[in-house]
Amino acid sequence: MNRYFILVRLLLAFGPGALLSSHAASTDRNSPALRKVADLVIYQDEKFYSAFPSIVRRKDGELITAFRRAPNRKRLGEKSISHTDPNSYLVLVRSRDGGKSWTQEPELIYAHPFGGSQDPCMVQLRDGTLLCTSYGWALLDPDFAARMDASLRHGSFVFLGGYVLRSKDAGHSWQGPFLPPPVGADPTPDIFGQPLPAYNRGAMCQGKDGRLYWVVAANSSALPRHTETHLLISTDQGANWKYSCPVAADPKVTFNETSIYETPRGDLVAFLRTEGFNDHTAIARSTDHGKSFQPWQDAGWQGHPHYALRLSDKRVLLVYGYRHPPFGIRARVLDAECANFSTAEEIILRDDGGNGDLGYPWATMISKTQALVVYYFNRADGPRHIAGTVVEIGR
């Protein structure tokens, strides 16, 4: 990557302090396994609240970053911003020069007819098909919303459940939404009284056998709301899903946003966000191709949610948000089988966030030795925007 370009982008995007931050992270804190190159801005517009990105790299080198965009309600006179908004929708931007520049006007992926959509979790299958999972919230009359199941409500917003979108032409057009089945014995209905479609935030993975593995959340109790995670499997590129088994459940710990990764040996490793557990990351592993999962383990450190990227030497770049002071983005380089998750050194990619409303990273390789980590970010509680960090992979 052109060093002059990096310096210019840093100065324009973050000011001179970014250069010091980048240098400090690469020389003082980081393991030789990972060296920070630069931070960059992928998309920012002060009129919008942009968040929850995912990224893929096409075979021709094009990068596609998807994210959720909603009005910046502070600019419209409201005192605060929220993750629920009736005007939030899914969009994407593209880069054809390795992330140096991005299209300025986002392309629409999907606008839900009954409410706002969240967290476009985009993955690329081996044949180039793009799948994008999301879920939505409908803004209803307060009296009508109050009659809905308590586990569905967030003020006057009521949960719509999850859905899946598919693109065969590099994200230029999308088919769907396709509604996945409800999970297990979860009795929660949607706003129309039908079983709630499965949902979650996190990356599914395509196994060596071609099957898709997707960890989804389900309510184990409504009051208080308590969720656990389960595995769905698809043999037809996400058109249909079949329930397989529980992934993680606990009477005291809540599990929700989860990414799943297949190791070279064929293990499925789930990286789980928790609540009621001091924000510790949890790990669950299947050694029988998703028929069952071993008891979940405490990773011993804070972070959420996560994304796991296979490197060229089969090690794993695990990235995650850090929503405690100093707010930012962190990473660990795990061995090929993700066995050293509790001892791998933590690497600070960003520690200059304005508050905890940031994170949700995703990553892709942009060359043989460099990866681009994307996430949403804010400085000094300013506009939420889509940012990225280029890292050099060491040995």
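Considering segment 222-240 alone, what residues qualify as being without any contact (Cβ under 8 Å) to a residue 24 or more places away in the chain and either in contact with a helix residue (DSSP H, G or I) (Cβ under 9 Å, 6 or more places away or on another chain) or of a type outside the set (D, E, K, R) (or both)?
Scanning segment 222-240 gives Pro224, Ser234, Asn240.
Identify, please: which residue in segment 188-220 is free of Cβ contacts under 8 Å to residues at least 40 places away in the same chain and polar (S, T, N, Q) and is, among those, surrounded by the fewest Cβ atoms within 10 Å (Cβ to Cβ)?
Gln194
Using the structure shown, decide if Phe159 is outside any strand (DSSP E or B) and either farther than 23 Å from Leu231 by Cβ or in contact with a Leu (Cβ under 6 Å, 6 or more places away or on another chain) (or both).
Criteria not met by Phe159.
Looking for whichever is in contact with a Leu (Cβ under 8 Å, 6 or more places away or on another chain) and surrounded by fewer than 20 Cβ atoms within 10 Å (Cβ to Cβ) here; the options are Arg330, Arg323. Which one fits? Explain how you work it out, then say what you get.
On the way: Arg330 fails: surrounded by fewer than 20 Cβ atoms within 10 Å (Cβ to Cβ).
Residue meeting the stated conditions: Arg323.
Enumerate the strands (runs of 3 or more DSSP E) found wholly within segment 16-89, keeping only those where 3 or more residues are within 24 Å of Thr258 (Cα to Cα) and at pLDDT below 95.
none
The values are calculated or read from the model by the stated rules, or taken from the named source; none is laboratory data. Everything numeric here is computed off the predicted structure, so don't read it as measured data. Don't worry about glycine lacking a Cβ; one is built from the backbone with ideal geometry, like all the others, and counts go over all protein chains shown.
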